[in-house]
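Shown next, in structure tokens, is the structure this report addresses.
None of the figures in this text is laboratory data; all of them are computed from the coordinates on show. A quick note: this is a predicted structure, and the numbers were derived from the prediction, not measured. Heads up, the Cβs are rebuilt from the backbone with ideal geometry, glycines too, and the neighbour counts pull from every protein chain shown.
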Amino acid sequence: MARLAASEVKAVGILGTGVIGGSWAAHFLRQGLDVVAFDLAPGAEARLTERIEKLWPTLEALGLKPGADKSRLEFVDSLEALGAKVPLIQESTPEDLQAKQTLFAEIDAAIPEDVIIASSTSGFPMTDIQKLCKHPERTVVCHPFTPPHIVPFCEVAGGQKTAPEVVDWAADFFQHYGKEVAKMDKELPGFIGNRLQDALWREALHMVANNECSVEDIDKSIAYGPGLRWAIFGPCMNMAMCGGEGGMARMLDHFGPSLKEPWTRLEAPELTEQLYNDLVEGSDQVLGGRSMAELMEERDELLVRILKTIEDYRQEKSLQT
Ligand SMILES: NC(=O)c1ccc[n+]([C@@H]2O[C@H](COP(=O)([O-])OP(=O)(O)OC[C@H]3O[C@@H](n4cnc5c(N)ncnc54)[C@H](O)[C@@H]3O)[C@@H](O)[C@H]2O)c1
């Protein structure tokens, strides 16, 4: 199916304008697109307009893209009108599988078959959501992280009946409009980011449940510890840096045996030769020719800036109160 190139898109649809849908609307307005929105709750239009007004200074601080204008928001009163002028609709209605299945069947029947329907679902596989659709090939997950008008990451994944060209197009579209995209070939429950977040969260719950440490210490251990580094590079390259200039291979040689220690309730997989090589090759790909020393220099300089930003902000706030 011939589709517009992402750069030629003029408008995007928003289905459901609550916490996430409203934030998506703000994001796309900032990107210089027309935003067409629909929500069936009474007063939704006024709430969204007021929210965009409030968010605008933040969007300005993030940097408005050419053509960005809050007056480019239009609220419509039917699914048909929502699908009439846009190549993609981002669905952000409550996390209820049955309700999403019914809504996807309704919107699928109401709008032209070339319009892509993307879901913000936090964890339902598209294979389940698309079950009642006549044109499931145009449905895809695009899972954002809250708040999507600020946090730039999203994961794009199709279901069993999604056309691969739809996954490719959606990934290009979100990448073009301000997102860092992980395009997933496999439909994994919880996708990537929530799976990782949840592993940490579950361990935190175990530690509190067993009176092993306080909520405060758990939060401190991340906010003043690895969390600072994760804002710069993810968990894999940060572990690689624990190997110094020898990177991932040295870290695995050095710390691989400690995977057998009972440090978490989540069991580590066997560190097979295949896993070892995949990790080393994967980090080489991320490095893209840079040295570990360069990466560590960037980490350290950014850590200093992040710490300074946090300190300045807290000092400014305490002076204000
Ligand atoms: N809140 C988060 O942190 C977060 C983060 C990432 C993804 N998500 C996902 O985003 C989706 C939306 O979550 P939320 O927190 O924005 O929920 P929300 O309750 O804040 O908003 C849902 C909106 O959908 C509207 N709605 C419900 N049924 C509708 C229908 N049939 N047609 C049109 N509008 C309808 C409601 O009126 C409401 O405004 C969920 O799938 C959730 O899992 C949420």
C-alpha long axis of helix 19-30 to longest principal axis of the chain, angle in °: 80
Ascending count of other beta-carbon atoms within 10 Å, so fewest first, for Trp169, Trp201: Trp201, Trp169
For the range 142-157, 3J(HN,Hα) per residue [Karplus equation, 6.51 cos²θ - 1.76 cosθ + 1.60, θ = phi - 60°, Hz, x = Gly/Pro]: 10, 8, x, 10, 7, x, x, 6, 10, 6, x, 8, 8, 10, 10, 8
Positive minus negative residues near Leu287 (Lys, Arg vs Asp, Glu; Cβ under 14 Å): -3
Ranked list, fewest to most other Cβ atoms within 10 Å of each Cβ, for Cys133, Cys154: Cys133, Cys154
Cα pair distances of the chain binned at 10 Å [whole percent]: 5, 21, 28, 25, 16, 4, 0
Normalised contact order of the range 63-160, rounded percent, pairs of Cα under 8 Å and 6 or more residues apart: 24
Under 5 Å, built H, 5+ apart or other chain: amide partners of Phe75: Ala37
Normalised convex hull volume, the range 225-320, alpha-carbon set, Å³ per residue: 113
Interatomic Cα distance distribution for the range 6-184, bins of 5 angstrom, percent: 1, 9, 19, 24, 22, 15, 7, 2, 0
Antiparallel DSSP beta bridges within the chain, percent to nearest 5: 20
Over 32 Å between alpha carbons, listed pairs Lys100/Lys308; Lys70/Lys317; Lys131/Lys179; Lys161/Lys220: Lys100/Lys308; Lys161/Lys220
Ranked packing of 28-41, 186-199, most packed first, by mean Cβ within 10 Å: 28-41, 186-199
Cross-link reach list, aspartates and glutamates versus Lys65, counting only Cα pairs under 13 Å and skipping chain neighbours closer than eight places: Asp34
For Tyr313, Tyr177, order by how many other beta-carbon atoms lie within 10 Å, fewest first: Tyr313, Tyr177
